[in-house]
Amino acid sequence: MNHWTQPVTLEGRYVSLEPLAPGHAPALAAAAADGELWKLWYTAAIPAPGSESAYIDTALKLRDAGSAQPFAVRERASGEIVGSTRYMNIDNANRRLEIGTTWYARRVQRTALNTEAKLLLLGHAFEQLGAIAVEFRTHFMNHPSRAAIARLGAKQDGILRNHQCDQDGALRDTVVFSIIASEWPAVRAHLQHALRR
């Protein structure tokens, strides 16, 4: 385990991001049920009913291999787990990582919780881990996700055509966005302003 994958809890006013653990499985099931999120055809990131433990096991194996740091997302007001996110595709040598595999219960989507979660994750990546770039990737057809990433202040780098095979064998085009270290102060100010509104 390297410093990029050291367990850490990130806390804000609206959200707490805590290291994902096997005990989170029932809460993840309840969160995914709010909107039946596993039925979204353009994402495989959300555990279907009964697969929560396998989802967590896979995330923890990636953490142990040094390529990911998964979090459970807890809403501070209710104390409930409402989703999951992670640092992934960690490239220690080049000081880069991706924030992804992010999903939330429908009731907290497009709320201050997501804005603050991204502020905490980006702040930790740039200010504590020393990242020089943070990426976001999403399916070309996931227009809500693309809009949400752009609202953060990330810039689109490009589209990776036929980048991956989906579970059903269809070819996926992946849209890549990033924020680089020199852009972080402006992005941080933008996100802080959004939380004050």
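Throughout, read-outs are computed from the coordinates displayed, never taken from laboratory work. The shown structure was predicted, so the numbers you read here are calculated from the model rather than taken from an experiment. As a convention, Cβ positions derive from the backbone with ideal geometry for all residues, glycine included, and neighbour counts pool all protein chains shown.
Once the Kirkwood radius over Cα pairs is known for region 66-118, the Stokes-Einstein relation at 20 °C and 1.002 mPa s delivers a diffusion coefficient of 180 µm²/s. From the convex hull of the Cα coordinates of region 131-197, what is the mean projected area in square nanometres? So the Cα hull casts an average projection of 5.3 nm².
Contour minus end-to-end for Leu160 and Ile180, with contour as 0.36 nm per residue of separation and end-to-end as the Cα-Cα distance? Let's see the in-between values first.
Numbers: separation 20, 0.36 × 20 = 7.20 nm, distance 1.93 nm.
The Leu160-Ile180 span can extend by a further 5.3 nm.
Quick check: convex hull over the Cα atoms of region 3-196, volume per residue in Å³, rounded to an integer? Write out the running numbers ahead of the final one.
Working: hull volume 22.1 nm³, N = 194.
Hull volume normalised by residue count: 114 Å³.
So for each of 128-137, 153-162 I average, over its residues, the number of other beta carbons within 10 Å; can you give me the resulting order with the highest mean first? Mind showing how you got there, number by number?
Working: 128-137: 19.2, 153-162: 13.6.
Those peptides, ordered most packed to least, come out 128-137, 153-162.
The HN-Hα couplings worked out from phi for region 21-27 by the Karplus form 6.51 cos²θ - 1.76 cosθ + 1.60 (θ = phi - 60°) are 9, x, x, 7, 4, x, 5 Hz, whole numbers, x standing for Gly and Pro.
Peptides 75-81, 121-127 ranked from most to least packed by the mean count of surrounding Cβ atoms within 10 Å: 121-127, 75-81. The mean sequence distance of close C-alpha pairs (under 8 Å, at least 6 residues apart), as a share of the length of the chain, puts its relative contact order at 19 percent.
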